[in-house]
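Every number in this text was worked out from the coordinates using simple rules, so none of it is lab data. Note that the structure is a prediction, hence the values are computed from the model and not measured. So basically every Cβ, Gly included, is an ideal-geometry build from the backbone, and we count neighbours across all protein chains shown.
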Amino acid sequence: MTRYIEPKKNDAAFNNAVAWLTRHGLSVLGSRVLIVRGRKSGEPRSVPVNLLPFEGERYLVAARGDTQWVRNLRAAGEGQLRVGRRVETFTYVELSDEEKPPLLRSYLKRWWFEVSMFFDGVNAKAPEEKFREIAPGYPVFRIVSKSNG
């Protein structure tokens, strides 16, 4: 069964605030607005995301699991990341479950205050085997830049 935690109504206010700040050029701890073509409508969809820098690369981690943006990104094959007027078009490489543990740990270190409720008690100090156990429920994408705007 695919893991997906649907956003609650009160999540919308937080997401809207972060998206507004990011669209106006103020990145909140690495926030970006992800823009990706909807897999059914073909219309652009946007959502705030946390862009994780890790060992010289950048990643998107889907803390809620197989979300709408994850499904849309997989279908579209590319997306855009926006901060203010700067828009970066990208493709991605989706990581295997074996590659995810150090990224999940780093993600939790950086955004624990924001995403802890999506990790069922797992924190950045959890043993490696716990991260291997939960990895299938957390899609992770390495960003491959196509252009800078």
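Here the Gaussian network model covers the chain, with springs between Cα atoms less than 10 Å apart; of Phe131, Phe14, Phe90, Phe14 fluctuates the most.
Scalar couplings 3J(HN,Hα) for segment 27-43, obtained by applying the Karplus form with A = 6.51, B = -1.76, C = 1.60 to θ = phi - 60°, are 6, 9, 6, x, 5, 9, 9, 8, 10, 9, 5, x, 6, 9, 7, x, 7 Hz; x denotes Gly and Pro.
In the chain, the longest principal axis of the Cα atoms and the axis of helix 9-23 are about 60 degrees apart.
Taking 0.36 nm per residue of separation and subtracting the Cα-Cα distance, what length does fully extending Ile5 through Arg23 add? Spell out each step's value before the answer.
On the way: separation 18, 0.36 × 18 = 6.48 nm, distance 2.50 nm.
Here the answer is 4.0 nm.
When the helices of the chain are scored as -39500 (n - 2.57) per DSSP H run of n ≥ 4 and the total is divided over every residue, the value at 222 nm lands at -9500 deg cm²/dmol.
Extents of the chain, largest first, come to 40, 32, 30 Å (Cα atoms, principal axes, whole angstrom). Net charge of the neighbourhood of Phe54, taken over other residues with C-beta under 12 Å away and scored Lys/Arg +1, Asp/Glu -1, is +3. Pairs exceeding a 22 Å alpha-carbon distance, out of Lys109/Lys130; Lys8/Lys100; Lys100/Lys125: Lys8/Lys100. On a 0 to 90° scale, report how tilted helix 101-115 is relative to the longest principal axis of the chain, with both axes built from alpha carbons and the result rounded to the nearest 10. Once rounded, the angle reads 70 degrees.
Exposure here means at most 16 other Cβ atoms within 10 Å; with trypsin sites (Lys or Arg not before Pro) in a DSSP loop as sites, the longest stretch of the chain lacking them is 41-84.
Calculate how large, on average over all directions, the projected area of the Cα convex hull of segment 17-81 is; give the answer in nm² to one decimal.
4.8 nm²
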